[in-house]
């Protein structure tokens, strides 16, 4: 399985056209953009996408609401948002969580019910 791994794109600073490659799967490893822009950009990729948020996706938002927004915006599309989740594709298991978000929600007790 070929992966195209992208991170720290910060699309709100400088836009970028999605690059189509021969990868089987794209992995967006955080700091892509705020949820609406990040999900819209990822959905333009023509292959399956695994998306794990970075700390910048949460700027200006509330942790739980941002996670819910990312899940909602990715639902039913080629983008699989992972937050304390797993996805098995092509016989490979991918695990995803945002470390910064987990530290925050663990400290505040927000994620305790999800464990």
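Quick look at the numbers
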| quantity | calculated |
| --- | --- |
| The range 88-115, residues that are at pLDDT 55 or above and either touching a strand residue (DSSP E or B) at 6+ places or on another chain (Cβ under 8 Å) or not in a helix (DSSP H, G or I) (or both) | 88, 89, 90, 91, 92, 93, 94, 95, 96, 97, 98 |
| Any hit, the range 79-87, residues being more than 20 Å from residue 20 (Cα to Cα), more than 14 Å from the chain's Cα centre (by Cα), modelled with pLDDT of 90 or more and not in a helix (DSSP H, G or I) | no |
| Complete set of residues in the range 33-47 that are assigned to a loop (DSSP other than H, G, I, E, B) and out of contact with any helix residue (DSSP H, G or I) (no Cβ under 8 Å at 6 or more places or on another chain) | 44, 45, 46, 47 |
| Residue ID - nearest to residue 90 (Cα to Cα), chosen from residues in the range 11-32 that are surrounded by fewer than 20 Cβ atoms within 10 Å (Cβ to Cβ) and in contact with a helix residue (DSSP H, G or I) (Cβ under 7 Å, 6 or more places away or on another chain) | 18 |
| The range 74-91 residues that are on the phi > 0 side of the Ramachandran plot, paired with ones that are surrounded by 11 or more Cβ atoms within 10 Å (Cβ to Cβ) and in a strand (DSSP E or B) (beta carbon under 9 Å, 6 or more apart) | 84/95; 84/96; 90/25 |
| Condition check for residue 50: in a loop (DSSP other than H, G, I, E, B), touching a residue at least 12 places away in the same chain (Cβ under 8 Å) and under 12 Å from the mean Cα position of the chain (by Cα) | no |
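The values are calculated or read from the model by the stated rules, or taken from the named source; none is laboratory data. Predicted, not measured: the structure shown is a model, and the values here were computed from it. Methodologically, a virtual Cβ is constructed for each residue, glycine included, from the backbone with ideal geometry; neighbour enumeration extends over all protein chains shown.
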